[in-house]
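The values are calculated or read from the model by the stated rules, or taken from the named source; none is laboratory data. This is a predicted model, so every value here is computed, not measured. Every residue, glycine as well, gets a Cβ built from its backbone with ideal geometry; the counts of neighbours run over all protein chains shown.
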Amino acid sequence: MIKTTIKAKKKTNQEQSLVTRWMQSPLGPLEIAVNLASKNGAKYWYIEFKLEAEITCQQNQDKHLLLDLAEKQLQEYFNGTRNEFSELLKHQSSYGTDFQRQVWQGLTNIAYGETCSYLDLATKINNPKAVRAVGAANGKNPLAIVVPCHRVIGANGTLTGYAGGLDKKQWLLRFENTKEQQGFEF
């Protein structure tokens, strides 16, 4: 079931009207939002987990190529038939600092079903002393699941922060490590 809404935001010149789609997942609602600055791409777009109580308007009239693509690929991911998002990643926005974008690019190199520590990620982006900064950039990732920040764990193998909640991070890691993926109907 797809739940959508259009929200007009006028906070800054960069943040214009957003087209927003709510998508049910096995972990609860996901919000996909695209800045209406362009037909095919976006200056800014995000995917994040939401609570049911945060969904105030539910309409099915939002249309945007990126909303459709993100919804389709996320459904495939949860059905167990997709483990990469290269097509969606072509639409990454210029949001964030150069360092954050470098970290987010590094996250896309963590293979499906694998994890790495913050130190591993800092080392992979040639900045091994920036472990805390890598953690902070990881926490600001605007594209949950697509840019797999849930695959980063503590140095001792423990689960550490995740904007969607540690329960969702644990679920995603277990889901990706399942050898026989059954997928989920939603």
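Brief remarks on what is shown
- When residue 129 is tested against the conditions (1) assigned to a loop (DSSP other than H, G, I, E, B); (2) closer than 25 Å to residue 177 by Cα; (3) modelled with pLDDT of 95 or more, the lone failure is (2).
- Looking across 102, 75, one residue alone is over 15 Å from the mean Cα position of the chain (by Cα) and in a helix (DSSP H, G or I). It is 102.
- Total residues in the range 118-159, condition at positive phi and crowded, with 16+ Cβ neighbours inside 10 Å: 1
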